[in-house]
1. Report the residue count in the stretch 219-238 for those that are open to solvent by 60 Å² or more (accessible area, probe 1.4 Å) and under 12 Å from V184 (Cα atoms).
2. Here are some residues: V163, V110, V182. Which one is assigned to a helix (DSSP H, G or I) and modelled with pLDDT of 85 or more?
3. Within the stretch 379-455, which helices (runs of 4 or more DSSP H) (wholly inside it) include 1 or more residues that are aliphatic (A, V, I, L, M) and modelled with pLDDT under 95?
4. If I filter the stretch 413-469 down to residues being open to solvent by less than 40 Å² (accessible area, probe 1.4 Å) and of a type in the set (D, E, K, R), which single residue comes out as nearest to R338 (Cα to Cα)?
5. I'm trying to understand the selection: among the residues of the stretch 288-321, which are open to solvent by 60 Å² or more (accessible area, probe 1.4 Å) and either in a strand (DSSP E or B) or acidic (D, E) (or both)?
6. Does E285 satisfy being in contact with an Asp or Glu (Cβ under 8 Å, 6 or more places away or on another chain), open to solvent by 30 Å² or more (accessible area, probe 1.4 Å) and either at pLDDT below 80 or assigned to a loop (DSSP other than H, G, I, E, B) (or both)?
7. Can you spot a residue in the stretch 595-602 that is open to solvent by less than 10 Å² (accessible area, probe 1.4 Å), touching a His at 6+ places or on another chain (Cβ under 9 Å) and at pLDDT below 95?
8. Can you give me the number of residues within the stretch 551-586 that are assigned to a loop (DSSP other than H, G, I, E, B) and surrounded by fewer than 21 Cβ atoms within 10 Å (Cβ to Cβ)?
Amino acid sequence: MTTSTRKLADLPQENRNLEEKSRIVLVGVPASPGFAMGKVFPVVNREVTVVEETIPESRITTEEQLFLKAVSRTAKEVAQIKEISESRTGLRDSLIFATHLMILQDPGLVNGVLDKIKQERKNARWAMHVVLSEYIDKFEKIDSPAMRDKAADLRDLYNRLMVAMEDSGPALEEVSSSNGVVLVAHELVPSLLMAVKPGQVAAIAMDTGGRTSHVAILARSLQIPAVSGLKNFAGLVKADDTIIVDGSGGMVVVNPNEEDIRRFHERQEVFERQRRELYTMRRLEPMTRDGKYITLHANIELPSESEKVTDFGATGIGLYRSEFLFFRKDAPTEEEQRDAYKQILETMAPCPVTIRTLDAGGDKLVSGISASNEANPFMGWRSIRVCLDREDIFCTQLRALLLANTQGNLRILLPMISGLAELRRAKACIARCREELVAEGHECAEVKVGVMIEVPAAVMLVDLLAKEADFFSIGTNDLIQFTLAVDRTNELITDMFQPHHPAVLNMINQTVMAAHRQGIPVAVCGEMSADPMSVLLLVGLGIDELSMTPWSVMATKKIIRSINFEDVRETVLNVLQMDDAESVNSYLHKKYAQTIRNLGISSFVGQLDK
């Protein structure tokens, strides 16, 4: 959905009340589904004034202690918020604050500030301001909203450290004690959202951010409706304005009229009904009407999430991102990793669990492995390239995986493979680790090794890779990005990120055909797995397994149960003859849009644009 910002004077008369009522309607990015209405609570960042001082030698120790105490105090504060986050939203979302703690422990940051105090004789506030500002500037210069989210995290820490050194109140105004307020901000930091009490915030409206921002992720976990990308919206409203937030459609209405309120209650009722109906899908088979079974697995990021996977109707884990274990100051030990992997494997047994090896670099800041200073980190030193260069880290993880596989349900997934040499080197590492463990007296079950198909080079060599892999998993997010040379997080070219581009669909088709010729299954673990129109295409293309966020499993299952495989197969054969994404989307919309609308899942899968 496109983002637009319009002031009251720009709105057509039919879309607003009399001027004195200041009714405003704006469309942004749907960040967290749901509907809410409440009073506006503006969140205003405090202004921090920092003055540069050249200090005498006698003050050096005092200033060093001021900074170190601020770091200690801030770390305790963030750790408390992390605990609250874990109890309210689960470990996955507490990773945001684990990252904050890792940054606070970064020797480069701490020593950089201390050096400025001691070597340049600058006061602590100024030294911290300079060093952290350099960090923030570095991330903001990388043309990626994911990296700008990291900059937002650093600004949050900057404010907290400044406040800690001033020994004053919070860096952001506290939310009113009244319940049901709508937070309106230019930029909202995760720590503020976690600091409020349950039920205190009804919804969120932000000028900045998107669906993948940390605040959006937290909002979805907390089931708080949210709209982001509203640009200058925060400056148009005042405290105690009444506001409706439509997080499913990405719309906000300030000072709604009676008709707005009537429609709000209708949509809210529909949303709750659809939520209840989706839960009835949990125990049903993901099978088309003519008997084609599609395996539905879940993507998870933390071991604790495995306990709820089957509750949403998934029959396994299609992608476990192991990076979370490395979001800390020191690399996790073999024993720590083994225990984490074992928890998932035993919880899910006998269901299969696909664990992706460390995918560090790019926008994933892992201690000791950071690509933030590369010109193009997403196509730089990351993923399998890091692992093969750092076999000490890679083999420690592989040993832990093999030791944890006591149930025999492990599948190892190798990310960003671009050729046979990388696959063979990685498999050789696995074989060597297995031999070592057996020699040490451990029992090691056989394990299947899969390849992520996410770069065009892998597709070009897919017949060769299929002969040496046990399964494929298509990472559609990166495959689309690399195939079309489009950064989907770049606002200037967002419309060019087309999952249904003929080049992308043909690459998926080539991958499926090559895999099936060798008798190995193909999964898709990217965002296409949860998009209604894309699900139809993927099923028609012959994909064996779809893996997605646990909540999306129920809606996807409902789509699969509503279609005939032969029908979507015929659709795919027609689509593969088309030469542009617009034609594909138009054809799909005409054929299936009404069918999907009739399923009653629109509040959770987004709008069906023409």
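1. The qualifying residues number 4.
2. It is V110.
3. Ranges flagged: 384-389, 391-404.
4. Filtering first and then ranking leaves E422.
5. Scanning the stretch 288-321 gives D290, Y293, E307, D311, R321.
6. No, not satisfied.
7. no
8. 9
The values are calculated or read from the model by the stated rules, or taken from the named source; none is laboratory data. Fair warning: this is a prediction, and the values are worked out from it, not measured in the lab. All Cβ positions, glycine included, derive from the backbone under ideal geometry; neighbour counts span all protein chains shown. The protein model used for the area step is the full one, side chains on, heavy atoms only, and it has no ligands, DNA or RNA in it. Shrake-Rupley method; radii C 1.70, N 1.55, O 1.52, S 1.80 Å.
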